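J.: Please find one structure pasted underneath; my questions will follow.
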Amino acid sequence: MSSSEVASDLSPLNRLWKAFASVKLTIVLLLTLAATSIIGTLIPQNETPVAYVQAFGEFWYRLFALLGVFDMYSSWWFRSLILLLTANIVVCSIDRLQFTWKIIFARHPKFNIARFRRFKRKEEFKAERAPDRLKNIYPSIVARRFGYHRVEDTDEGFAVYGESGRWTRLGVYIVHFSVVLLLIGGLIGSIFGFDGFVNIPEGETVRTIQLRNNPKNLQLDFEIRCDDFNVTFYDTGAPKEFRSSLTILKQGKPVYQKDIIVNDPLQYEGIRFFQSSYGNLPPNEVMLNFTSKATGMIYNQKAAVDKQIVIPENLGTFALKQFTRAADFRGQNIGEAFIGVLTPPNGSPVDVTLPLRFPRFDRMRKGDVVIAIADYLPRYYTGLQVSRDPGVWVVYTGFILMIIGIYITFFMSHKQVCVEVTADGKKSRIKVSGTANKNKLGMENKVSNLSEKLAETESSAKGEAKN
Amino acid sequence: MSSSNILSIITFVYGLAGVLYIFAWIFKKPGCGKLATWVAMIGVIGNTAGILLRWVESYRLGIGHAPFSNLYESLVFFAWTIALIYLFIERRFGNRIIGAFTTPIACLAMAYASLKPGITSDIQPLLPALKSNWLIAHVITCFIGYAAFAIAFGISAMYLMKQAQDDEKVIWLDFVRPITLFVFITLFSRILLVGNWALSAMTALPICLVFYAGVFIVRRMPANIKNSLLEMFPEPRVLDELGYQMVLFGFLFLSVGIITGAVWANSAWGRYWGWDPKETWSLITWFVYATVLHARMMRDWRGQRLAYLSMVGFAAVLFTYFGVNLLPGLHSYGALGQ
């Protein structure tokens, strides 16, 4: 660090300040954060305790749980590391800014010719003209390349001082400030925002959201209805688009309507609804066909749950009782199915399984009538991710500042150059030297370019003289 | 000719360029080096054509999208960026030896994309979550960053060869280095090549032995041969500076890549950061290179220490890129078999 004062001379507060103003601490913290972050990528986060006990055993489960490893990015020690890094960034920046501020906002930049004379690397050449004639030409050439320039007389001639990019010394503070903004934005989001999900069957309206990582529900100030859900597929069978038509209702009146797809959410009163999943629901209505064994006739009938159907030819009555996602047939899962009850005219009722996927399934029962689901309208529910994050604009501001700041810090520099002209009889001797706070190799090129340009005026001057 | 055919040929073109650069370096044939530059340029042109053709083909298939959507396409873009950045450096610094250390990386990336079973070169339709311009920006910026880090890695390796003697004599380094090398090669052969740990260790062992045999032979070489191999290398000071410049360039693009990824995540799932393994590993990479930058800018670390740290950074890049697919998580779009 900048100061080498003896630590015992400082008050405890100052000592703490000095400790946080250390770049060594930055390096240690960055590497510690990098190393510890690995843990959370090796151990799946936020699983159920049962799954962890199964995977690691009782002992390790307890130890890991104690250390907060199962939700490590919000554990006290990981947050403390981030807090320490933030304190480190802030203290370092303030500590340095005290010095750089004066340099950056100096009204009259200091020009110390002795400093440039000490540089080992200089471009030198001789000119045929005397310094007072060059004094009319050189300043404008320097001015064209550097934003600020100043001419000063020396004992044996003059010196032109030029500089540019003084403000770029602020770049690193912009980057550090952006990191702090990201953390503030994250904090705002975690305090004032929420993250939840809701499933809405087509045609239905909800106003309660299930929060994530939180057993509580959230009541919205408005209702949301799913008018329609559609999924389309590519020829390969991969999903192409999930689309939900949503309507926002206030006091029962529609106030806003939007179709959402993945990557294009609906936003209302700061709350955003994202297409995140979908699923099948039992059809409300199915088309059944009844095939009479005796006559071979087929009768079509619409059916809904608990609606009694009288089968022609006096074959009895039938009613759908319930829908199941995974019907069982001799220990095999045969998928989604309706279970119905067939009551023959003279006999006891029988359960009939009608799988959606296998319409001929009921033939195996070998009854007087074969029942099959001929057709049905698939019904979906849409799964929405619901979130509110008032901190997101702070974070985005941080993002933009970070990119700008990094660019300034890495690729722009504070460049200073000095052209010293001394009389050498009737002629002049010229020395060009320069420095930059970054990219010294690039500055060396710039200095030699400037020197060439200045030397070129020599040949054109000769040309003029001849003419 | 389809784009995947062109890109398979380009693999060999980059390989040829690499061989020519190495030939030009070892046998001191400047003509060979010039030829290598031309071959590398043909490689970049062919690579560009392959990428553009692939884009056109996707529209012919009716599933038009920019060719930056799966592992194969990202590797092809990675190779393209490496070759292009290298040619730029060659033009700027006029040194062809760096080509012997960077064009082979481009060739390996392409060969891995074409040959590894499970990486399909088919053009696939985009899943709904991937339909976003932020995704294109995310992939392009990330891979420009990764390519810059790959070149920084090559340059760090050159630096360590040029400075064969240690800057500072540290005894434990002699033990730590071979063990670290072995662990890393085992890890990466597990990630990139084979399906189990025992086999990976068995692959790593001969690689390490060959490496150390090479080191041993070079150490025993007469000084004049050794010097003649190294004299054409750029000055250590230049290598150090160039490697650092590459890290700066890579860090800017990695940052933009992480940021565009976060904006994409926010538009797709309503959260800009979720600590999923891929996100976390990209942040780990960012931390490591941030360390490199602070160590260099503020503590004036240079030379060997910084070269090693920069190589650790590249290991983190590789793990972010490939290794994460071994871990549990949701970020499977760039995974094998996709």
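J.: Go through the range A:357-448 and name the trypsin sites (Lys or Arg not before Pro) that are in a DSSP coil and have 10 or fewer other Cβ atoms within 10 Å of their Cβ.
T.: Details: sites: A:ARG357, A:ARG360, A:ARG363, A:ARG365, A:LYS366, A:ARG379, A:ARG388, A:LYS415, A:LYS426, A:LYS427, A:ARG429, A:LYS431, A:LYS438, A:LYS440, A:LYS446; in loops: A:ARG357, A:ARG360, A:LYS366, A:LYS426, A:LYS438.
Of the trypsin sites (Lys or Arg not before Pro), the ones in loops of the range A:357-448 whose Cβ has at most 10 other Cβ atoms within 10 Å are A:ARG360, A:LYS366, A:LYS426.
J.: At 0.36 nm per residue, and after removing the present C-alpha to C-alpha distance, how many nm does the segment from A:ALA319 to A:GLU285 gain when stretched out fully?
T.: Numbers: separation 34, 0.36 × 34 = 12.24 nm, distance 1.22 nm.
Fully extending the segment from A:ALA319 to A:GLU285 adds 11.0 nm.
J.: Follow-up question, since we're still on this one. Could you tell me the relative contact order of chain A? Use alpha-carbon pairs under 8 Å, at least six residues apart, and round to a whole percent. Provide the component values of the computation, followed by the final result.
T.: Details: 794 pairs, mean separation 87.8, N = 467.
This gives 19 percent for chain A.
J.: What is the fewest-to-most order of A:ILE82, B:ILE51 by other Cβ atoms lying within 10 Å of their Cβ? Spell out each step's value before the answer.
T.: Working: A:ILE82 14, B:ILE51 19.
Sorted ascending by nearby Cβ count, the order is A:ILE82, B:ILE51.
J.: Still on this structure: To the nearest 0.05, how large is the calculated FRET efficiency for A:LEU211 and A:SER11 if R₀ is 41 Å and r is the Cβ-Cβ distance?
T.: On the way: r = 47 Å, r/R0 = 1.15.
Using R0 = 41 Å, I get an efficiency of 0.30.
J.: Which shape class applies to the range B:136-338: rounded if a/c is under 1.5, otherwise prolate when a/b exceeds b/c and oblate if not, where a ≥ b ≥ c are the square roots of the Cα gyration tensor eigenvalues?
T.: Numbers: a/c = 2.42, a/b = 1.48, b/c = 1.63.
Taking the square roots of the gyration eigenvalues as a ≥ b ≥ c, the range B:136-338 is oblate.
J.: Please report, in whole Å³, the volume per residue of the convex hull around the C-alpha atoms of the range A:1-115.
T.: Details: hull volume 18.5 nm³, N = 115.
Given the Cα convex hull of the range A:1-115, per-residue volume reads 160 Å³.
J.: Another question, then. List the trypsin sites (Lys or Arg not before Pro) within the range B:1-76 that DSSP assigns to loop and that have no more than 16 neighbouring Cβ atoms inside 10 Å. Walk me through the numbers on the way to the answer.
T.: Numbers: sites: B:LYS28, B:LYS34, B:ARG54, B:ARG60; in loops: B:LYS28.
Taking the range B:1-76 and a limit of 16 other Cβ atoms within 10 Å, the loop trypsin sites (Lys or Arg not before Pro) found are B:LYS28.
J.: Output the relative contact order of the range A:186-284, whole-number percent, from Cα pairs under 8 angstrom with separation of 6+ residues.
T.: Values: 160 pairs, mean separation 16.1, N = 99.
Across the range A:186-284, relative contact order equals 16 percent.
J.: By how many nm would the segment from A:SER245 to A:THR397 grow when fully extended, if each residue of separation counts as 0.36 nm and the alpha-carbon distance is taken off? List each step's numbers first, then the result.
T.: Working: separation 152, 0.36 × 152 = 54.72 nm, distance 3.19 nm.
Between A:SER245 and A:THR397, full extension yields an extra 51.5 nm.
J.: Can you compute the modelled spin-label distance between A:PHE119 and A:LEU66, with each label point 7 Å from Cα toward Cβ, in nm?
T.: Each label point lies 7 Å from its Cα, and together they span 6.2 nm.
J.: Follow-up. Run the helix sum for chain A: -39,500 (n - 2.57) per DSSP H stretch of 4+ residues, divided by residue count, reported at 222 nm to the nearest 500 deg cm²/dmol.
T.: Details: 10 runs with 165 residues, N = 467.
The helix contribution divided over chain A gives -12000 deg cm²/dmol.
J.: Still on this structure, I have one more. Two decimals is fine: what's Rg over Rh for the range A:286-377, C-alpha atoms, Kirkwood radius as Rh?
T.: On the way: Rg = 12.3 Å, Rh = 13.2 Å.
Using Cα coordinates only, the ratio equals 0.93.
J.: With the Cα gyration tensor of the range A:44-179 giving a ≥ b ≥ c as the square roots of its eigenvalues, does the rule (a/c under 1.5 for rounded; else a/b larger than b/c for prolate; else oblate) give rounded, prolate or oblate? Kindly include the intermediate steps, with their values, before the conclusion.
T.: Values: a/c = 5.07, a/b = 4.21, b/c = 1.21.
Prolate, since a/c reaches 1.5 and a/b exceeds b/c.
J.: Express the relative contact order of the range A:261-418 as a whole percentage, based on alpha carbon pairs under 8 Å and six or more residues apart in sequence.
T.: Values: 274 pairs, mean separation 40.8, N = 158.
Once normalised by length, the contact order is 26 percent.
J.: Taking R0 as 56 Å, what's the FRET efficiency between A:SER80 and A:TYR376 from their Cβ-Cβ distance, rounded to 0.05?
T.: 0.45
J.: Another question, then. Excluding same-chain residues fewer than 8 positions from A:LYS240, which lysines have a Cα within less than 21 Å of its Cα?
T.: In chain and number order, the partners are A:LYS258, B:LYS131.
J.: Here's a follow-up. Work out the P(r) tail for the range B:235-296: percent of alpha carbon pairs separated by more than 13 Å, whole number.
T.: Working: 1263 of 1891 pairs.
Every Cα pair in the range B:235-296 considered, those over 13 Å come to 67 percent.
J.: May I ask for the equivalent-ellipsoid semi-axes of the range B:1-126, computed as the square root of five times each C-alpha gyration tensor eigenvalue and listed largest first in whole Å? Show your work: numbers first, answer last.
T.: Details: eigenvalues 172, 34, 25 Å².
In descending order the semi-axes read 29, 13, 11 Å.
J.: Rg/Rh for the range B:58-216 to two decimals, with Rh computed the Kirkwood way over all alpha-carbon pairs. Could the numbers behind the result be given before it?
T.: Working: Rg = 19.2 Å, Rh = 18.4 Å.
My calculation puts Rg/Rh at 1.04.
J.: Regarding chain A, what is the average projected area of its C-alpha convex hull, in nm²? If you can, show how the numbers build up before the last one.
T.: Numbers: hull surface 171.3 nm².
Hull-based average projected area comes out at 42.8 nm².
J.: Mind checking which aspartates and glutamates have their C-alpha under 12 Å from A:LYS431, skipping anything on the same chain fewer than 8 residues away?
T.: Cα-Cα hits under 12 Å: A:GLU123, A:GLU124, A:GLU420, A:GLU452.
J.: Right, something else. Report, in whole Å, the centroid distance computed from the Cα atoms of the range B:8-28 and the range A:65-87.
T.: 49
J.: Spelling out what I want: for every residue of the range B:64-81, take phi, set θ = phi - 60°, compute 6.51 cos²θ - 1.76 cosθ + 1.60 (Karplus), and round to whole Hz; glycine and proline get x.
T.: Along the range B:64-81, the couplings run x, 7, 4, x, 9, 10, 9, 4, 4, 5, 5, 5, 4, 5, 4, 4, 4, 5 Hz.
J.: Spin-label point model (7 Å from Cα, Cβ direction): what's the A:LEU97 to B:VAL210 distance in nm?
T.: 5.4
J.: Pairing the Cα long axis of helix A:131-145 with the longest principal axis of chain A, what angle in degrees results, from 0 to 90 and rounded to the nearest 10?
T.: 0
J.: Further, regarding this structure: At 7 Å along the Cα-to-beta-carbon direction for both A:SER448 and B:ARG60, put a label point, then send me their distance in nm to one decimal.
T.: 5.0
J.: Expressed as a fraction of 2.2 N^0.38 Å, the rule-of-thumb size for a compact globular protein of N residues, what is the C-alpha radius of gyration of the protein assembly as shown?
T.: On the way: Rg = 34.9 Å, N = 805, 2.2 N^0.38 = 28.0 Å.
In units of the globular-protein estimate, the protein assembly as shown measures up at 1.25.
Values in this text are rule-based calculations from the coordinates and carry no lab data. For clarity, every value in this text was computed on a predicted model and none was experimentally measured. Reconstructed Cβ throughout: ideal geometry from the backbone, glycine too, with neighbour counts over all protein chains shown.
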